[in-house]
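Shown next, in C-alpha cells, is the structure this report addresses.
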Amino acid sequence: MSNKFKVRAYCSSRACEYVHPDDVMVAINYETAYSLAHYYNESPSKPSCPRCGEAIAFYAHAIIEEPWFN
Ligand SMILES: [Zn+2]
C-alpha cells in the first residue's frame, strides 16, 4: 500500500462546485503538497473558475490507496 499526495484545484466560491478534473501536482509527501498548494494560492497569476469566474483555490490531498477495493 502506498499513499499519494496531490494538489487539487477547486473553485473558491461556495455557490459553485467546480473541481478541476486533473491533479495539479503529485508530491512525494504531505508537507510538499501542502507548501505547493500554499505557493499556488499566493500566486498573482491564479486561474479563475471556468464556470463562474471566481478565483481557484488549491488544496493538498492525501490519497490512501486501499488495493483490496479494486
Ligand atoms: Zn466556480
Degrees separating the helix 30-42 axis from the principal Cα axis of the chain, which is the longest one: 10 degrees
Helix-only mean residue ellipticity at 222 nm for the chain, each DSSP H run of n ≥ 4 adding -39500 (n - 2.57), per residue, nearest 500: -6000 deg cm²/dmol
Electrostatic dipole magnitude of the chain [Cβ: Lys, Arg +1; Asp, Glu -1; Cα centre; debye, to 20]: 160 debye
For the chain: Kirkwood Rh in Å [reciprocal of mean 1/r, alpha carbons]: 12.8 Å
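The numbers here are math on the coordinates, done by the rules we state, and not lab data. Quick caveat: nothing in here was measured; it's all calculated off a predicted structure. Every residue, glycine among them, receives a Cβ derived from its backbone with ideal geometry; neighbour counts consider all protein chains shown.
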